[in-house]
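Since the structure comes first, as structure tokens, the remarks are kept for the end.
The values are calculated or read from the model by the stated rules, or taken from the named source; none is laboratory data. Since we're looking at a predicted model, the values are computed, not measured. Note that we place each Cβ from the backbone using ideal geometry, even for glycine, and neighbour counts take in every protein chain shown. Areas reflect the complete protein model, heavy atoms only, side chains present, ligands, DNA and RNA absent. Shrake-Rupley method; radii C 1.70, N 1.55, O 1.52, S 1.80 Å.
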Amino acid sequence: MKTWYVEDAGGGCQAFGEVVVLVCEETGEIYSARVPVTWSNKMSWEELVCQLMQELMEQAGATKADQFLVCSGNIFHTYHKWLTEKGYHWQTHKMDGLAHDAAEGAFHNMVVEAGFPEHIKLIERDYRSYYSDIERWVAADPERKKLYWKDREVRKKPSLPRYVLKSTLSKARSCHGCHKPIPPFSPAVELKYRQDGRKFRFFFHPQCSPVQPLKSNLLQQEVNWQGERLAGIVVVCPEEVPCTLCGNPLEVGKKAFYAYHENKLICGHLECFEL
Ligand SMILES: [Zn+2]
Ligand SMILES: [Zn+2]
């Protein structure tokens, strides 16, 4: 069991994206990721950060046996929720020590990589002077400003875009990613959000979704089928059709199994299949 600290840096600076770190004090392991200056509008800031944190946890081999002490900042709100939903042991924590230094160091490295003078450093936590020096340096050159000025708008976008793993049920949908059809009764990622009073809803093949959904409403099930394992889904039956196996009708409103075998839809009573 390890204790991981999660911290960010650079949020108060008007230039450059934030950095986030995952740090273990006992082993000295430091994993860090950079939030871009801007990105396309599909994801909120908090969701993007949550995704980066999941990638860092994967790199670090963090498990549910580990403990997570996470900075309480807004930047981690979606990540907090995700940790809770997934059953991780975590709590908010006022950061100092290695995690704090690692985050500041990672932010400084990013700024220096862009050409900022290395010797101008954060001194005695005087963020205001350090960040103004960086902001002035970035703003002094229009090309630099284009590349490194923080996009505040994209960061304000509410965490509303919601990606949920579910199924297409009895309707075929068109994938918003590859524009090819998603057949009925297939796993699909649904994106729903509201913008300027309008509602938007899109579907993606799971492999075409720009985001790994944080939520799943999909029950997947494998069954034995003609000597192989066939992966399908279990959903509430929306219309009466005969069971592929016993021929008796599937009852509307009851859970039933649906899968494709050689492009043919197979559906049936769960109890008719060998699980
Ligand atoms: Zn697709
Ligand atoms: Zn049956």
Percent of Cα-Cα distances greater than 34 Å, calculated over the chain: 37 percent
In order through region 140-150: 3J(HN,Hα) via Karplus (6.51 cos²θ - 1.76 cosθ + 1.60), integer Hz, x for Gly, Pro: 5, 10, x, 5, 5, 4, 4, 7, 10, 6, 5
Share antiparallel - DSSP beta bridges, the chain, percent rounded to 5: 80 percent
Spatially near lysine pairs across region 84-195, Cα under 18 Å, sequence gap of 8 or more or different chains: 7
Rg in Å to one decimal, and Dmax rounded to a whole Å, for region 3-154 via C-alpha atoms: 15.6, 49
1.4 Å probe accessible area per residue over the chain, in Å²: 54 Å²
Share of Cα-Cα pairs in region 1-63 lying beyond 18 Å, as whole percent: 38 percent
Under 5 Å, built H, 5+ apart or other chain: amide partners of H176: F203, F204, H205
Label point distance in nm, T3-V252, each placed 7 Å from Cα along Cα→Cβ: 5.8 nm
Principal axis dimensions, region 148-275 - Cα atoms, whole angstrom, descending: 63, 29, 23
Helix-only CD estimate at 222 nm, as mean residue ellipticity for the chain, using -39500 (n - 2.57) per DSSP H run (n ≥ 4): -7500 deg cm²/dmol
Listed residue (C272, T3, S32) projecting farthest to the positive dipole end of the chain, Cβ model: C272
Extent along principal axes [Cα atoms of region 162-216; Å; largest to smallest]: 31, 20, 20
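Roll a 1.4 angstrom probe over the protein heavy atoms and tell me the percent of accessible area of region 219-272 that is carbon or sulfur.
It is 48 percent, rounded to a whole number.
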Amide H within-cut-off set for S216, under 5 Å, with H built and near neighbours excluded: L165
Sequence-distant aspartates and glutamates (8 or more away, or on other chains) whose Cα lies within less than 19 Å of K215: E46, E47, E55, E58, E85, E190
Antiparallel DSSP beta bridges within region 162-216, percent to nearest 5: 85 percent
Amide H within-cut-off set for D66, under 5 Å, with H built and near neighbours excluded: K2
Burial ranking of peptide ranges 80-90, 204-214 (average Cβ count within 10 Å, highest at the top): 204-214, 80-90
